[in-house]
Each structure stands twice: as C-alpha cells, then as structure tokens.
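One structure below.
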Amino acid sequence: MHELDGAVRSYAWGSRTAIAKLRGLTAPAAHPEAELWLGAHPAAPARVRTTEGATRSLLEIVEEDPVRELGTASVERFGHRLPFLLKLLAAEEPLSLQAHPSAQQAVEGYERENALGIPLGSPVRNYRDDSHKPELVVALTKFEALAGFRRPDLTVKLLEALNVSELAPYLALLAGQPDSDGLRALFTTWITLPPQVVASLMPPVLDGCVRYLGEQPTGEFVDEARTALELSEAYPGDTGVLASLLLNRVKLEPGQGLYLDAGNLHAYLHGVGVEIMANSDNVLRGGLTPKHVDVPELLRVLDFDSVETPLREPISLSGRYEYDTPAPEFELVRFEVDRNNAADDDSSFVVESGRPRMLLCTAGSVTASTGTEALELSQGSAAWICAADPDLTITPQSDHVQVFVASTG
C-alpha cells in the first residue's frame, strides 16, 4: 500500500479553485485544472510514493509485476495493464460534445489510424489507444450535463414550444419519423450545415429560446432553452448548440451517478465529480469545441436510440454506496460517515484483497490499513493498494468522512 500522487490535467474548461481546494491548497491554481488522473494511462500516469520518499510511475510498477499489482483474474481478462482510470473532474465551463467508441470500434479505429501513419499526438487523431471508454461520474457538487438523445416526441414538443419558423423543415423531419432514424437524420443534417446556413439559422433559434423563457419562465423546457443560450455565448455559431436541443438535460445532486456507455453523445456542463472509466482516452467530438471534429467517424459510433436519463442511484447499506454498471473494467464504491447523524454507523469498512484497489478521500480523514501497513489520508489524498496486499480496512478519523474505492468490476 502506497500513497498516490495524481497527475493534474489543465484544460480551458477547468477550474482554478475546485481541485486545488479538494487537495487542501489555499491559493488558486495558476491555470485551470480540469482533471486529476489517478491511474496508469501512458498519457499521464499517477506517481506512487515509495518508502524511501521518492516517487515512481504507477505505470512502471504495474508493468514490472502485473500479477502482483493487478491480480491473476485481471491479467487473464484485461492483460498487463490497469483496466480502469480514476479521476477528479472539475468543469467550470462546458466540455465538448462527445461520444466514445465500443470495444470493437476502438480496436478497428486504432489499427486503422496506425496504418495511416497518424501520430498518436496528432490533433486529428481520434483513437489514442485500442480500448473502449464506458464511464461513470459521481457528483461531489451539483452537477449538470447533457446525456443521450431525448425521446423524439419530447424533442418535437420542445421545437414546437420554441415557435421558430426557420425550424419548421427540421421539425417536420423529426415529427414525420419520430424514432432513432429520424434523430440520426436531423442530427446529421444539423452537424453538416454549411457555415452560412448556421449563421442564418442560429439567431432566430436563440431568439426563440429568449422568447420562451420570457413567456414561460417555469415551462417544461426552461433548462434546455437556457442551456442553448449559454452554449451559444461560449461557442457562437457552433452546430453543437443546435445538437444540445436533442439531448437529455441532466441535473445530479451530490452522491448521484451518471453512467455513459459507448455511442452516448454527452457533454458535462458544470460541477465537480469523481469519474471512473475504462483505461482509455478515446474521444469522438461532436461540437462545442475548436478541436478536430471527424463527422463521418462520429456518426459511425453514435447510438441514436433515445434513452431515459441514465442516472445511477447507489445501492446503500450502512454507509456503503455501490454504483452498479455493466462495465467489467471497473467498480466504484463510496463510503460515507457523518457522526452528527445518529443513524450512521462509524465503524470501519473492509475492502477484500485479490483485486487492485485505489482509494480517494474526498472529505474528512481516515486511516487505511492492510494489517502491517497503515496510511493516514485526508481530503484530497489517494492510495494504491495492489491485489497482493491483504484486505483493506478504512477507519474514519473525523466527524464527516467520504472516501471512494475503485477496483476492477
């Protein structure tokens, strides 16, 4: 068992204060901090603190002895690499509209781009590894997102409510075929519109959103209209603003989870959360970004079946909160104790050995022990516990404790 130092990733949409505050820092960061990676992805592996006081790459440690670090079952199923990536995520501004490939699409895309000789660091590269990227985010603050295509009949109702004559042909397209094929046709039409058509269409659509908010300040589609206006300010003239009108608008309260499988078009809008995913950095962008958007490849991976809001309410038992997902690469459990709540049991929690385990403390302080070894972890601290280490015991040391434990599924 070793303390773990995450790799900070700075992107324009990040926050100068949220991750810094979680790590116990009083001064804002010099640059927006979007993510803290706690994993062994080659792009930004975390560092393990050794007993000598130095640090080593977690990626190197896993590669030296994968059976000890990951366990036999993980190695047999996922090979000699840690199959999940744990992150802290802080979105001060909206992320790009994006989707992730399936496992088969990732392998095919990675091999295809390798054969074409596209460098891994190229801005036009879609596939930076050969893995799919199912992901789960659990809110630490109020968290807002766009996730998955809304039911076509509800989108028809939304477009009718905006009452924009310039939208009539697009409304007719979806109303005439209110299914996944209709959604594909409308999304494809919007994302491939010539710039001059977008420039003429966007103002009346935004005016319709303003008018709707003025006439129906508590209407059914207030959040959707407001989101389109906010996105247009950040990305004027971007077809992703139109695409946002097709997607579920999601609000998470702290502790709620959002699971996103392959092909799910989504964008995180604002909030801080703990995110876990398959160990991949494959992203197909669909707008709300100045970066490369490969429209044909995006359309190839997107799933246009409408979905209800893909929320994940945890299964709770005595301070243990499990987030059920179909992803075999990862499992995320939240442990929480509040001694001011008489119903809470502040006894220790045990996480069994045999799998790689990663612990992240997001509130209070705990003692993490594996029999002969113990670590004191406070808010913002993390630890790596390899599969060969004994059972992990987590003991609360403060009145309010919140820790996340990631492992293989």
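Computed values, structure above
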item	result
Residue match in the range 119-134 (condition: in contact with a Phe, Trp or Tyr (Cβ under 6 Å, 6 or more places away or on another chain), of a type in the set (Asp, Glu) and not assigned by TED's automatic domain parsing to the domain that holds Pro217)	yes
Which numbered condition Glu92 fails, given (1) crowded, with 19+ Cβ neighbours inside 10 Å; (2) at pLDDT 95 or above	(1)
The range 125-153 residues that are within 28 Å of Glu111 (Cα to Cα), paired with ones that are of a type in the set (Val, Ile, Thr) and crowded, with 22+ Cβ neighbours inside 10 Å (beta carbon under 9 Å, 6 or more apart)	Glu135/Ile276; Leu136/Val274; Leu136/Ile276
Residue that is exposed (fewer than 14 other Cβ atoms within 10 Å of the Cβ) and not acidic (Asp, Glu), where the choices are Val337, Val350, Val333	Val350
Candidate set from the range 349-373 (those that are within 29 Å of the chain's Cα centre (by Cα) and not in a strand (DSSP E or B)); member that is farthest from Val401 (Cα to Cα)	Gly354
2 or more residues more than 15 Å from the chain's Cα centre (by Cα) and in contact (Cβ under 8 Å) with a residue 40 or more places away in the chain: qualifying strands (runs of 3 or more DSSP E) within the range 299-341	331-338
Residue ID - surrounded by the fewest Cβ atoms within 10 Å (Cβ to Cβ), chosen from residues in the range 138-158 that are touching a Phe, Trp or Tyr at 6+ places or on another chain (Cβ under 7 Å) and aliphatic (A, V, I, L, M)	Leu158
Residue identified as of a type in the set (D, E, K, R) and in contact with a Phe, Trp or Tyr (Cβ under 9 Å, 6 or more places away or on another chain) among Glu322, Glu373, Glu336, Glu352	Glu336
Any hit, the range 169-192, residues being among the β-branched types (Val, Ile, Thr), surrounded by 18 or more Cβ atoms within 10 Å (Cβ to Cβ) and touching a helix residue (DSSP H, G or I) at 6+ places or on another chain (Cβ under 7 Å)	yes
Filter result (closer than 25 Å to Arg56 by Cα and of a type in the set (D, E, K, R)) within the range 5-20	Asp5, Arg9
Residue in the range 99-121 that is buried (at least 22 other Cβ atoms within 10 Å of the Cβ), modelled with pLDDT of 95 or more and of a type in the set (Asp, Glu) present	no
Those residues of the range 22-55 which are in a loop (DSSP other than H, G, I, E, B) and closer than 20 Å to Ala363 by Cβ, in sequence order	Arg23, Gly24, Leu25, Thr26
Residue match in the range 200-210 (condition: within 12 Å of Leu245 (Cβ to Cβ) and of a type in the set (Val, Ile, Thr))	yes
Hits in the range 275-297 - residues which are closer than 17 Å to Tyr127 by Cβ and assigned to a strand (DSSP E or B)	Met277, Ala278, Leu284, Arg285, Gly286
Among (1) in a strand (DSSP E or B); (2) surrounded by 19 or more Cβ atoms within 10 Å (Cβ to Cβ); (3) not small (Gly, Ala, Ser) - the single one Glu376 does not satisfy	(2)
Residue list for the range 387-401, restricted to those being of a type outside the set (A, V, I, L, M) and buried (at least 23 other Cβ atoms within 10 Å of the Cβ)	Pro396
Scan of the range 297-312 for residues that are under 16 Å from Ala145 (Cα atoms), surrounded by fewer than 17 Cβ atoms within 10 Å (Cβ to Cβ) and of a type outside the set (A, V, I, L, M), ordered by number	Glu308, Thr309
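The rows are residues; the columns are (1) without any contact (Cβ under 8 Å) to a residue 40 or more places away in the chain; (2) in a helix (DSSP H, G or I); (3) crowded, with 22+ Cβ neighbours inside 10 Å.
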position	(1), (2), (3)
Arg211	no, yes, no
Gly214	yes, yes, no
Glu233	yes, yes, no
Pro236	yes, no, no
Leu245	no, yes, yes
Lys251	no, no, no
Pro254	no, no, no
Tyr259	no, no, no
Gly273	no, no, yes
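The values are calculated or read from the model by the stated rules, or taken from the named source; none is laboratory data. Computed from a predicted structure; not experimentally measured. Glycine gets a Cβ as well: all are built from the backbone with ideal geometry, and neighbour counts include every protein chain shown.
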